[in-house]
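Student: Take this structure, written in structure tokens, and hold onto it; I'll ask about it next.
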């Protein structure tokens, strides 16, 4: 699998193109930060207070965040998967033994599904899940939130990667 290109959206474009463009760029940065990592480093914790905050754990978390916001909250699909397992704290970040390549593929697939959902709906439409207050948000709000969420975690990956092997760089 080739990582997605890190491209900023056009300076002048419609709102949807710009929102999805910025989100896609942050998603691409996630893939870039993981390039060349060994499995050991992908799963190695470097933040003493956050042992699940590994490269692999963050990628898994982002995959499930995409699913939660676009499929569950927006489309109203059943809330299934690790984020909804109330018996295990931070279940979406517990990825011991799961290869980073698999996590990145799952993330890329989920991002493609999210983009299909966004393309098929108006930005003013609101979520449909009856059990979650956040489903009342518009698709526009959810997209802006996902730019923030993904950018925040891309920053975490940047710091973790630097602590792992000294690699730095943005964009």
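Student: Compute the relative contact order of the chain as a whole-number percentage, counting only Cα pairs closer than 8 Å that sit 6 or more residues apart in sequence.
Tutor: Relative contact order for the chain comes out at 28 percent.
Student: Which value in nm describes the separation of the simple spin-label points at residue 75 and residue 145, placed 7 Å from the Cα toward the beta carbon?
Tutor: Output for this residue pair reads 1.7 nm.
Student: Which order do the peptides 86-93, 55-62 come out in when sorted by mean C-beta neighbours inside 10 angstrom, highest first?
Tutor: Most protected by this proxy first, the peptides run 55-62, 86-93.
Student: Another question about this same structure. Between residue 133 and residue 109, what FRET efficiency follows from the Cβ-Cβ distance if R0 is 30 Å, with the result rounded to 0.05?
Tutor: Efficiency, from the Cβ-Cβ distance: 0.60.
Student: So if each residue of separation counts as 0.36 nm, and I subtract the Cα-Cα distance between residue 15 and residue 170, what length gain in nm does that give?
Tutor: The span from residue 15 to residue 170 would gain 53.4 nm if fully extended.
Student: Taking Rg and Dmax of the Cα atoms in Å straight from the coordinates, which label in [x] 32.7, 97; [y] 16.0, 47; [z] 19.8, 62 is the correct one?
Tutor: Step by step, Rg and Dmax of the Cα atoms in Å for this structure corresponds to label [y].
Student: For helix 139-165, what angle does its Cα long axis make with the longest principal axis of the chain, in degrees from 0 to 90 and rounded to 10?
Tutor: The helix 139-165 is inclined about 0 degrees to the chain.
Just so you know, all these numbers are worked out from the coordinates, no wet-lab data involved. Model, not experiment: these values are computed from the prediction. All Cβ positions, even for glycine, are placed from backbone atoms using ideal geometry, and neighbour counts span all protein chains on display.
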